[in-house]
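Everything on this sheet refers to the single structure shown next.
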Amino acid sequence: MTAAGDLGPSDFGAVPPGVVSLEDWAPLARARLAPEAHAYLAGHACDGVTARRNRDAFLAAEIVPRLLLDQDPAPAATLFGRSIAAPILVAPVAHQGLFHPLAERATAMAASAVDTILVASTLSTLSLEAIAEAADGGTQWFQLYVQPDRGFTDALVARAEAAGYAALVITVDAPVFGVRNVEQRAGFRLPAPLAPANLRDAPADGGDGSLAALLARRPTWSDVAHIVARTRLPVLLKGILDVEDAARAIDLGAAGVIVSNHGGRVLDLAPAALDRLAPIRDRLGDRPTILLDGGVRRGGDVHVALSRGADAVMVGRPLIEALAVGGPLGVAHALRTLIDEWAITLALAGPPRRSDARDQ
Ligand SMILES: Cc1cc2nc3c(=O)[nH]c(=O)nc-3n(C[C@H](O)[C@H](O)[C@H](O)COP(=O)(O)O)c2cc1C
């Protein structure tokens, strides 16, 4: 039986007429979701300065087309030896049960159907094993939030390895919650039945939830070194914006970094992720894998990110808006839309060249 074998036609969702770009899902999701869930999805830290910067950086970018090329530029990409349809991945997004009854099962099916990679969050509604099963042969990466208990963290990594995850993404930019006024105003609280399945057996951490308690158990470079030394998976650090942090990650044995400010959800006033990409690529050289997320909404954005040194990008909010409105089909449609735009951009502009970025 395939992963979708027990689903009926109505479970797959639908694409409303008139949805032709990623941004088209946003107003539909706002209308569909309860205000608290929408605040969690669409919100940002403090005043949303960084979230806006992410998008504005792309809007200010330029693509100078190269014309009359002999070669057909290929939209496909290869990451850690695996070929995918395009350098466009599904970013880790927690608690997807808030947005659709199939939760991460829907995003896993969609990513698999369009031949790209789902990055599954530690805080997924469904267990990492259930997500891998739903992907039915597709490729997943596991996003790790380092847990206060080292043994439990190690067990999570071992589970991800056993379930066939192909890479480990350690998110390092959220040791404490950001100031989430949008969520606070809407009164968002995670409903108890949606508690993350992966953490069900986590030992009680004894913390009182205070800032001091959270800080006392925040991950450090020694946690990263410990995990890199133990796992056979390639490790990427997500949330890197500083060139020296990027270099230190690679020195410790990470295979790459994800240049990201968490979609502007953690530290407001952080720079646009796109603006940090070229300096980090220049510092790391050609070899390490570099991904970018934050504000990617168009195929042209993918071109811009690759011309500034990314190997691939990840997309967060719009795919989950598509999930909320259109279910698995909605996510697949949104991914397909972006992949098609990327292919059209390649046909119009030629392949991204690093030299373009240095001119800017
Ligand atoms: C609702 C929501 C939940 C998120 N949960 C996680 C998470 O569990 N782990 C993580 O590393 N990043 C998480 N992120 C950040 C995304 O992985 C990604 O960095 C960000 O959404 C990219 O920006 P974009 O939404 O503009 O595409 C979350 C983002 C959103 C919108």
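The values are calculated or read from the model by the stated rules, or taken from the named source; none is laboratory data. Small disclaimer: the values here were computed from a predicted structure and weren't measured. Using ideal geometry, Cβ is built from the backbone for each residue, glycine included, and neighbour counts are taken over all protein chains shown. Protein only, heavy atoms only, side chains kept; ligands, DNA and RNA dropped before computing areas. Shrake-Rupley method; radii C 1.70, N 1.55, O 1.52, S 1.80 Å.
Looking only at the range 1-38, count how many residues are modelled with pLDDT under 95, outside any helix (DSSP H, G or I) and open to solvent by 60 Å² or more (accessible area, probe 1.4 Å).
Residues meeting the conditions: 3.
Go through the range 54-74 and give me each residue that's surrounded by 16 or more Cβ atoms within 10 Å (Cβ to Cβ) and β-branched (V, I, T).
Selection gives I63 alone.
Only one of these is in contact (Cβ under 8 Å) with a residue 40 or more places away in the chain and within 17 Å of V146 (Cα to Cα): A213, A202, A186. Name it.
Values: A213 fails: in contact (Cβ under 8 Å) with a residue 40 or more places away in the chain; A186 fails: within 17 Å of V146 (Cα to Cα).
Going through A213, A202, A186 in turn, just one is in contact (Cβ under 8 Å) with a residue 40 or more places away in the chain and within 17 Å of V146 (Cα to Cα): A202.
Among F152, F142, which is the only one that is more than 22 Å from the chain's Cα centre (by Cα) and either aromatic (F, W, Y) or under 20 Å from L291 (Cα atoms) (or both)?
Values: F142 fails: more than 22 Å from the chain's Cα centre (by Cα).
So the residue among F152, F142 that is more than 22 Å from the chain's Cα centre (by Cα) and either aromatic (F, W, Y) or under 20 Å from L291 (Cα atoms) (or both) is F152.
Would you pick out the residues in the range 50-102 that are hydroxyl-bearing (S, T, Y) and without any contact (Cβ under 8 Å) to a residue 40 or more places away in the chain?
Taking the range 50-102 as the starting set, the residues that turn out to be hydroxyl-bearing (S, T, Y) are 50, 78, 83.
Answer for the range 50-102, where residues must be hydroxyl-bearing (S, T, Y) and without any contact (Cβ under 8 Å) to a residue 40 or more places away in the chain: T78, S83.
Does any residue of the range 325-339 turn out to be closer than 23 Å to G48 by Cα and under 17 Å from the mean Cα position of the chain (by Cα)? So that I can check it myself, show each step before the final result.
Here is the first cut: in the range 325-339, the residues closer than 23 Å to G48 by Cα are none.
No.
What are the residue pairs meeting all of these: first residue in the range 11-40, first residue of a type outside the set (D, E), second residue in a loop (DSSP other than H, G, I, E, B), Cβ atoms under 6 Å, and 6 or more apart or on different chains?
Every condition considered, the pairs that remain are L22/R297; A39/F188; Y40/F188.
Quick check on the range 157-171. Is at least one of its residues among the aromatic types (F, W, Y) and part of a helix (DSSP H, G or I)? Step through it out loud before you land on a result.
To start, the set of residues in the range 157-171 that are among the aromatic types (F, W, Y) comprises 165.
Next, only the ones that are part of a helix (DSSP H, G or I) stay: none.
Within the range 157-171 (the criterion being among the aromatic types (F, W, Y) and part of a helix (DSSP H, G or I)), the answer is no, since none of the residues qualifies.
Among the residues of the range 65-77, are any among the hydrophobic types (A, V, I, L, M, F, W, C) and within 11 Å of the ligand (Cβ to nearest atom)?
Of the range 65-77, the ones among the hydrophobic types (A, V, I, L, M, F, W, C) are 67-69, 74, 76-77.
Now drop any that are not within 11 Å of the ligand (Cβ to nearest atom), which leaves none.
Within the range 65-77, none of the residues are among the hydrophobic types (A, V, I, L, M, F, W, C) and within 11 Å of the ligand (Cβ to nearest atom).
For (1) within 16 Å of the ligand (Cβ to nearest atom); (2) within 27 Å of L306 (Cα to Cα); (3) open to solvent by 40 Å² or more (accessible area, probe 1.4 Å), each residue gets a yes or a no:
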position: G187; (1), (2), (3): no, no, yes
position: L194; (1), (2), (3): yes, no, no
position: D201; (1), (2), (3): no, no, yes
position: P219; (1), (2), (3): yes, no, yes
position: G239; (1), (2), (3): yes, yes, no
position: R248; (1), (2), (3): no, yes, yes
